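Below is one structure, written out as structure tokens, with a few remarks after it.
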Amino acid sequence: MSNPTIDIEHLRGWVGRSQSDSDPALARHARLMAATIDRPGPALADGDPLPHCWHWLYFLEGLPPGRLGPDGHPERGGFMPPVPLPNRMWAGGEVRFEGEVPLGATMEKRSTIRSVEHKTGRSGDLVFVTVEHEISVAGSRRIQELQNIVYKSPAPAGNARPPADGGPAPGEHVRRVSPDSTMLFRYSALTFNGHRIHYDQDYCRQVEGYENCVIHGPLVATLLCGLAAEVGPAPLRRFSYRGLRPAILGVELELNAVVEGNAARLWSKLPDGGVSMQAEAEY
């Protein structure tokens, strides 16, 4: 397969494009998320604050099959630039929490493409698209987010990364979770995420080069963010995260946090010692 030509100046024509949406922060949807990740505590109800990073459950884009790409994502073009690389991943981002979002409230969201950058990595061409999201309730901004999306070429089938050597020592706070196919299915359903790498094993192996289904990056980020909120000395104000390696279905994730004053370092460790995601929090 020949490498596609990246016309970065054409793609940068999408910088500055915006779109807006509104959505109620339904408590029932939040309760379904709590069941998906086995979150302890009483059932969430109207008036309770939406847990951190659970805003990703809302503002869902429902497109008919004819407007989806072969990977299950929405077709290229429209709001997002038509990057000609076949694989898309949620690479990382930063979320600032400026106020609570009460369950039951109507949220307003404005999304703007802030940058489009072309880089070259070990697997070839990479295009990074940064999107800013602002979520408001009753005219007051509650969440500001920068979302980084990477487009890339597929890895050769069976070309798994070599195991990491040891990896970091366990953190001050450690939680362990073993996502199974049911959790991945439920999270895909809750976020209306049709990306086939999360449920189609044949597609993962034959097209995108993964040995099994891939655990959602936003799911791992949500779990780390929840740990940051749980162990912090004050309300969480900022959470940033970056994916380093895909976490594959069947592995246990070791979630780690080290609190240092009004900040925390967090990471998700794989069984071979490698880190799938690292994050920082501020309180």
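The values are calculated or read from the model by the stated rules, or taken from the named source; none is laboratory data. Because the structure is a prediction, the values reported are computed rather than measured. Methodologically, a virtual Cβ is constructed for each residue, glycine included, from the backbone with ideal geometry; neighbour enumeration extends over all protein chains shown.
Among the residues of the stretch 47-86, which ones are surrounded by 14 or more Cβ atoms within 10 Å (Cβ to Cβ), at pLDDT 95 or above and assigned to a loop (DSSP other than H, G, I, E, B)?
ASP48, LEU50, PRO51, HIS52, CYS53, TYR58, PHE59
Can you tell me which residue in the stretch 248-274 is nearest to GLY92 (Cα to Cα), limited to those that are free of Cβ contacts under 8 Å to residues at least 60 places away in the same chain and assigned to a strand (DSSP E or B)?
Per the criteria, the residue is SER268.
Among (1) among the acidic types (Asp, Glu); (2) buried (at least 17 other Cβ atoms within 10 Å of the Cβ); (3) farther than 16 Å from TYR58 by Cα, which single condition is GLU108 missing?
Of (1) among the acidic types (Asp, Glu); (2) buried (at least 17 other Cβ atoms within 10 Å of the Cβ); (3) farther than 16 Å from TYR58 by Cα, only one is false for GLU108: (3).
Give the stretch 163-210 a look and list any residue that's part of a loop (DSSP other than H, G, I, E, B) and without any contact (Cβ under 8 Å) to a residue 12 or more places away in the chain, or say none.
Step one: filter the stretch 163-210 for residues part of a loop (DSSP other than H, G, I, E, B), giving 163-172, 178-180, 191-195, 199-200, 209-210.
Residue satisfying the conditions is ALA169 alone.
Given (1) touching a helix residue (DSSP H, G or I) at 6+ places or on another chain (Cβ under 6 Å); (2) part of a strand (DSSP E or B); (3) not polar (S, T, N, Q), identify the lone condition not met by HIS29.
All conditions pass for HIS29, except number (2).
Quick check on my filter: what residues within the stretch 229-242 are within 18 Å of TRP90 (Cβ to Cβ) and either among the basic types (Lys, Arg) or buried (at least 23 other Cβ atoms within 10 Å of the Cβ) (or both)? Lay out the reasoning, then the answer.
Looking only at the stretch 229-242, we keep the residues that are within 18 Å of TRP90 (Cβ to Cβ), and these are 239-242.
Listed by number, the residues that qualify are PHE239, TYR241, ARG242.
Kindly indicate which of VAL127, VAL116 is touching a Gly at 6+ places or on another chain (Cβ under 9 Å), among the aliphatic types (A, V, I, L, M), assigned to a strand (DSSP E or B) and on the phi < 0 side of the Ramachandran plot.
That would be VAL116, the only listed residue that is touching a Gly at 6+ places or on another chain (Cβ under 9 Å), among the aliphatic types (A, V, I, L, M), assigned to a strand (DSSP E or B) and on the phi < 0 side of the Ramachandran plot.
Which residues, taken from the stretch 195-217, are in contact with a Gly (Cβ under 9 Å, 6 or more places away or on another chain) and surrounded by 20 or more Cβ atoms within 10 Å (Cβ to Cβ)?
Within the stretch 195-217, HIS195, ARG196, ILE197, HIS198, CYS213, GLY217 qualify.
Check GLU100 against each of (1) under 26 Å from SER178 (Cβ atoms); (2) assigned to a loop (DSSP other than H, G, I, E, B); (3) in contact (Cβ under 8 Å) with a residue 24 or more places away in the chain and name the one condition it does not meet.
Among (1) under 26 Å from SER178 (Cβ atoms); (2) assigned to a loop (DSSP other than H, G, I, E, B); (3) in contact (Cβ under 8 Å) with a residue 24 or more places away in the chain, the lone unmet condition for GLU100 is (1).
Among the residues in the stretch 225-248, are any more than 25 Å from ILE143 (Cβ to Cβ), among the charged types (D, E, K, R) and in contact with a helix residue (DSSP H, G or I) (Cβ under 8 Å, 6 or more places away or on another chain)?
Scanning the stretch 225-248, I find no residue that is more than 25 Å from ILE143 (Cβ to Cβ), among the charged types (D, E, K, R) and in contact with a helix residue (DSSP H, G or I) (Cβ under 8 Å, 6 or more places away or on another chain), so the answer is no.
So which residues in the stretch 128-154 are closer than 27 Å to HIS10 by Cα and in contact with a helix residue (DSSP H, G or I) (Cβ under 7 Å, 6 or more places away or on another chain)? Show your work before the answer.
Within the stretch 128-154, the first condition is being closer than 27 Å to HIS10 by Cα, and the residues that meet it are 128-134, 145-154.
Of everything in the stretch 128-154, just one residue is closer than 27 Å to HIS10 by Cα and in contact with a helix residue (DSSP H, G or I) (Cβ under 7 Å, 6 or more places away or on another chain), namely PRO154.
Could you say whether any residue in the stretch 184-206 is modelled with pLDDT under 95, within 29 Å of ALA257 (Cα to Cα) and among the charged types (D, E, K, R)?
no
Go through the stretch 130-149 and give me each residue that's of a type in the set (A, V, I, L, M) and outside any strand (DSSP E or B). Let's see the steps before the verdict.
The initial filter retains those residues of the stretch 130-149 that are of a type in the set (A, V, I, L, M), namely 131, 135, 137-138, 143, 146, 149.
If the condition is that a residue be of a type in the set (A, V, I, L, M) and outside any strand (DSSP E or B), then ALA138 is the only one that fits.
Test TRP54 against the stated conditions and say whether it is among the aromatic types (Phe, Trp, Tyr) and either over 19 Å from the mean Cα position of the chain (by Cα) or farther than 25 Å from TYR241 by Cα (or both). Even if it seems obvious, please write down each step before you answer.
Values: among the aromatic types (Phe, Trp, Tyr): yes; either over 19 Å from the mean Cα position of the chain (by Cα) or farther than 25 Å from TYR241 by Cα (or both): no.
No, not satisfied.
So, in the stretch 186-208, exactly how many residues are out of contact with any Leu (no Cβ under 7 Å at 6 or more places or on another chain) and either over 17 Å from VAL251 (Cβ atoms) or hydroxyl-bearing (Ser, Thr, Tyr) (or both)? Give the derivation first.
Taking the stretch 186-208 first, the residues out of contact with any Leu (no Cβ under 7 Å at 6 or more places or on another chain) are 186, 188-189, 193, 195-197, 200-208.
Now restrict to residues that are either over 17 Å from VAL251 (Cβ atoms) or hydroxyl-bearing (Ser, Thr, Tyr) (or both): 186, 188-189, 193, 195-196, 200, 202-203, 206-208.
Residues in the stretch 186-208 being out of contact with any Leu (no Cβ under 7 Å at 6 or more places or on another chain) and either over 17 Å from VAL251 (Cβ atoms) or hydroxyl-bearing (Ser, Thr, Tyr) (or both): 12 in total.
Under 6 Å between Cβ atoms, at least 6 apart or on separate chains: pull out the pairs that start in the stretch 48-62 with a residue that is more than 12 Å from ILE143 (Cβ to Cβ) and end on any residue that is assigned to a loop (DSSP other than H, G, I, E, B) and aliphatic (A, V, I, L, M).
Listed by first residue and then by second, the contacts come to ASP48/LEU103.
Which of the residues spanning the stretch 226-247 are in contact with an Asp or Glu (Cβ under 6 Å, 6 or more places away or on another chain) and in a strand (DSSP E or B)? Steps first, answer last, please.
Pass one, the stretch 226-247, residues in contact with an Asp or Glu (Cβ under 6 Å, 6 or more places away or on another chain): 237-238, 240.
Across the stretch 226-247, the qualifying residues are ARG238, SER240.
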